[in-house]
Each structure stands twice: as structure tokens, then as C-alpha cells.
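Below is one structure; the comments refer to it alone.
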Amino acid sequence: MMFRILLAFCLFSTAASVTLVICQQYCSSVQGAASYDNCAPWNSYALASNQTCYNLCVHNCAAVYDGSCMTGNGFRCCLKTTPTKTQEFVTSGCNKLYNNLPGM
């Protein structure tokens, strides 16, 4: 019985770490390279001097949405794009970095 509990814990831990690695790769994508439909900024969040957008993307992807935001509509780099007035993508300022606009 103890072996089964240990095995289940190991499988869960492995799945969580795989999700984290996939989310890190997803959040570091960039235009012109291997990219994703809803996360292909002009400047990679991972290479920006301010890592806030990258960290927010990885956190949301791995911990909040468990990877489902990578393919779902209503997200841009795992930041919500709805509702319009309070969308996380704009309120965080990550839209400026995503579109290569001045100010971030």
C-alpha cells in the first residue's frame, strides 16, 4: 500500500514538472520562430529585461490553468483577454511588450 502511494506521488510530481517545462517553453516563444497561435510576441517575454510578463505567463499556465490556456480562446500568452475593460493582458502592460510598443 505504501508503495502505491509513493508511486502515485511520483507520477503526479512528474506530470507537474512536465507541465512547468512546457509552459516555460510556451511563454518564451517569439514571432518568426517556433510559436503558438495565441502566444507569439514580437519580443520574447523570456528575453525581456523585465521578466514580469514571462513569470506571469508561466505561473498562469502551470499553476492557474494547468496548460489549458495554451490552446483556449480568450487568452494571449495565458493572460486573459476578456472582459474587455479589465483584461489581464492589458492591465498588466504585457500587451505593450507583446506588440513591441514603447512603454515597457
Problem set entry | For segment 39-104: rounded, prolate or oblate by the Cα gyration tensor [a/c cutoff 1.5] | oblate
Seminar exercise, completed: Here, Asn43 and Ala63, labelled 7 Å along Cα→Cβ, have an inter-label distance in nm of 2.5 nm
For this session: Figure the gain on full extension for Thr19 and Gln51 (residue separation times 0.36 nm, minus the Cα-Cα span) and round it to one decimal in nm.
Result: 9.6 nm
Exercise. Taking K and R as +1 and D and E as -1, what net charge do the other residues with C-beta under 14 Å from the C-beta of Asn95 add up to?
Worked result: +3
Seminar exercise, completed: Taking 0.36 nm per residue of separation between Gln31 and Thr82 and subtracting their Cα-Cα distance, the length gained on full extension comes to 16.1 nm
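Every number here is computed from the coordinates shown, using simple stated rules; none is lab data. Here the structure is a predicted model, which is why all the values come from computation and not from measurement. Glycine also receives a Cβ, built like all others from the backbone with ideal geometry; neighbour counts cover every protein chain displayed.
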